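Trainee: Take this structure, written in structure tokens, and hold onto it; I'll ask about it next.
The values are calculated or read from the model by the stated rules, or taken from the named source; none is laboratory data. Owing to the predicted nature of the structure, the values given are computational and were not obtained by experimental measurement. Neighbour counts are summed over all protein chains in view; Cβ atoms, including those assigned to glycine, are modelled from backbone coordinates with ideal geometry.
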Amino acid sequence: MRNKNGYKTKNPFNKFNTPFLSKFDSDLDSEEEKKWQNNTRRLLSEGVQSIHDPISWAAFHSNQEPSRDFEVTIGSLLPLFPDDSKSVAMIRHAMCVVKQAVHHLNPGQVPVLTLDQPLFAIAKQIQWNWPNDYGEDKFVMLLGGLHLEMASLATIGDLLDGSGWTHALTQANIATPGTAESFLKTAHVTRTRHAHQVTASAL
């Protein structure tokens, strides 16, 4: 092809002559695509009777997939609560919802709830104030892993307070005096854990 000045130019339609489109054309001639075309023609001529009629390509082929039986999972995902969780009413409501879900999935099982420290304290107060409905024989409350470790390290810190442990860490250049004192109160879980690991390795 030449332009008005006589120079050769590329045919802009040559880019459509690609193997991809050739393959696409051959796919349209396949048996499955003909089924979809015939189904679409029938629905357009007779009229779509329901929103479930597969007139689109994706809907038609998804209906052709064989149904499979899947094993029901033992886990469940509960919806998020829109209200503030730091209230007695919200914790009681959550306990009731969890109890119903657990009894539906596994009748007779005692529900086990894991909560952070502030919510754990509220849940324990609920168990003590309403033992008939939320007693310790009806719910098992577990402290979250992070707060459980923090409480354990803080207890160890109370035992080591005044023992010279922080002074030994300072003399060994493991931590500064202020940081070593913070290990007793577990101000930083990772650093406190590391200090106890170093101490246990040195013994």
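Trainee: Which residue is farthest from the chain's Cα centre (by Cα), if the candidates are limited to the stretch 187-203 and must be of a type in the set (A, V, I, L, M, F, W, C) and part of a helix (DSSP H, G or I)?
Mentor: At the first step, the residues of the stretch 187-203 found to be of a type in the set (A, V, I, L, M, F, W, C) are 187, 189, 195, 198, 200, 202-203.
Filter once more, so that each one left must be part of a helix (DSSP H, G or I): 189, 195, 198, 200, 202.
On the way: V189: 24, A195: 32, V198: 34, A200: 36, A202: 40 Å.
Ranking the candidates gives A202 first.
Trainee: When you go through (1) in a helix (DSSP H, G or I); (2) modelled with pLDDT under 80 one by one for M90, which number turns out not to apply?
Mentor: Checking M90 against (1) in a helix (DSSP H, G or I); (2) modelled with pLDDT under 80, the one that fails is (2).
Trainee: Conditions first: (1) in a loop (DSSP other than H, G, I, E, B); (2) surrounded by 12 or more Cβ atoms within 10 Å (Cβ to Cβ). D137 passes all but one, so which condition is the exception?
Mentor: (2)
Trainee: Looking at the stretch 164-186 only, could you name the residues that are surrounded by 14 or more Cβ atoms within 10 Å (Cβ to Cβ) and assigned to a loop (DSSP other than H, G, I, E, B)? It would help to see each step written out before you state the result.
Mentor: Narrowing the stretch 164-186 to residues surrounded by 14 or more Cβ atoms within 10 Å (Cβ to Cβ): 165-166, 169-170, 174-175, 179-186.
Scanning the stretch 164-186 gives I174, A175, T186.
Trainee: Within the stretch 99-106, does at least one residue satisfy the condition of being more than 27 Å from V189 (Cα to Cα), outside any helix (DSSP H, G or I) and not assigned by TED's automatic domain parsing to the domain that holds V189? Full working, then the answer.
Mentor: Within the stretch 99-106, the subset more than 27 Å from V189 (Cα to Cα) is 99-106.
Next, from what is left, pick out any that are outside any helix (DSSP H, G or I): 106.
Going one step further and asking which of them are not assigned by TED's automatic domain parsing to the domain that holds V189, we end up with 106.
For the stretch 99-106, residues more than 27 Å from V189 (Cα to Cα), outside any helix (DSSP H, G or I) and not assigned by TED's automatic domain parsing to the domain that holds V189: present.
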